[in-house]
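First the structure, in the form of structure tokens, and then the observations on it.
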2 protein chains.
Amino acid sequence: MTSTDEATTGRQQRADARRNAAAILDAATRCLARDPDASINEIAKAAGVGRVTLYGHFDTRATLVGAVVDRAMQDAEAALSAVDLSGDPVDALRRLIDATWTITNRYGALVVAAERTLPGGEMEAAHEAPRARAERLLERGRAEGRFRDDLPVSWLVTMLHTATHAASAAVYAGEMAAEDAPRAIAATMLGLLTPPGGVVPDPRG
Amino acid sequence: MTSTDEATTGRQQRADARRNAAAILDAATRCLARDPDASINEIAKAAGVGRVTLYGHFDTRATLVGAVVDRAMQDAEAALSAVDLSGDPVDALRRLIDATWTITNRYGALVVAAERTLPGGEMEAAHEAPRARAERLLERGRAEGRFRDDLPVSWLVTMLHTATHAASAAVYAGEMAAEDAPRAIAATMLGLLTPPGGVVPDPRG
């Protein structure tokens, strides 16, 4: 074997390794989004690799869950930061809720898998950017008199986060259709954000 | 020792046993309401009994947590079933929220201890009576046009439950004062229950 052959083989092996790692991440995302308790065996099988290959890339299940969540959070952050939050705060909130629901629904049980596997601090850090974005929008809506300002803004952001999680749980439990969830969240939030004495907007906008 | 002495001693022992069991339950309730991870050692110490005595009454920590939760749920059910839910549905909801908050705040972290220790089904069963009571009130409010009827009543009950838990978590995290919680829950719920096109009531009533 010439040194050129060796270099080609090395490149080939590295390309295979990258493909395997990507296939494992994709498979793990699919499996964990369906079942938060999906095992390493199921994930390796879905990725079309052996357990040894999987452990060569991710040394524990927690490492793999962490990598899946990191990638999902990057995807979520890219989608959410692209939402137009200018203009009427009520319309902006509707757009933010739609985008947030799309992400929440895409990753489904992955949040549950993350909460069961990762240290509490990591999940809180993952929610920081979405919380800060929601907080800025709610503050602007308060300043413009569209949202109530007699409750702490941190409480209103918590209710937005909580309503999204509750809708996800209701869909998971079969109590709500996934396509009805964004309207239910928007209706709920627009009602609870309306200042006392104000008129609740129609959730269809 | 005569047979009369023996009978007296037996009665005495049974009375001691009952007192010990009650002291253990009281101590466990106090300890778990403060720290959901309170250990058997801490609870025995707070009750003024030894570990052997404690295990003579409750064979595992889970058995003890179960007994604490059973008694707390009986207390909660007694308090909640005494709430007057007649008259204006908005006022009735305020009274129900005040009573629910008092119970939630009294037992604090006990809910967390229960969720960590007991099988999921038991906690769901514990929430059945409060959910059914809230559902009846919300249905009546919808029938009388005071509450929105364009969202599933199960979702509205979930939001009431969720808002109460979120307030408890916010108080536990030091983000909200316990005395502000019932007003925040009531303001939130009265807003989100107002029919579209309706005016949000002042949370102070």
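Only the coordinates and a few stated rules stand behind these numbers; no lab work does. Keep in mind it's a predicted model, so treat the numbers as computed, not measured. All Cβ positions, glycine included, derive from the backbone under ideal geometry; neighbour counts span all protein chains shown.
Assorted remarks:
- Span-rule helices in chain B, defined as complete DSSP H runs reaching 20 Å or more along the axis (Cα) with Kyte mean at least -0.5: B:61-81, B:89-107, B:153-172
- Each Lys and Arg adds +1 at its Cβ and each Asp and Glu adds -1 at its Cβ; summed about the Cα centre, the stretch A:86-129 shows a dipole of about 200 debye.
- Charged neighbours of residue A:190, selected by a Cβ distance under 9 Å, balance to 0 (K, R count +1; D, E count -1).
- FRET E, pair residue B:115, residue B:45, Förster distance 22 Å, beta-carbon r, rounded to 0.05: 0.35
- Of the three principal axes defined by the Cα atoms of the stretch A:1-59, the extents in descending order read 48, 17, 16 Å.
- Note: the stretch B:120-190, Cα convex hull, 100 Å³ per residue.
- In the elastic network of chain A, a GNM with C-alpha springs shorter than 10 Å, the most mobile of A:16, A:84, A:149 is A:16.
- With the convex hull constructed from alpha-carbon coordinates only, the protein assembly as shown shows a mean projected area of 29.4 nm² over all directions.
- Translational diffusion of the stretch B:26-74, µm² s⁻¹ [Kirkwood Rh, Cα pairs; Stokes-Einstein; 37 °C; 0.692 mPa s]: 308
- Rg to Rh quotient for chain A, alpha carbon positions, Kirkwood Rh: 1.11
- R0 of 25 Å, Cβ-Cβ distance residue B:77-residue A:95: FRET efficiency to nearest 0.05: 0.05
- Computed FRET value (nearest 0.05) for residue B:129 with residue A:14, which takes r as the C-beta separation and R₀ as 56 Å: 0.35
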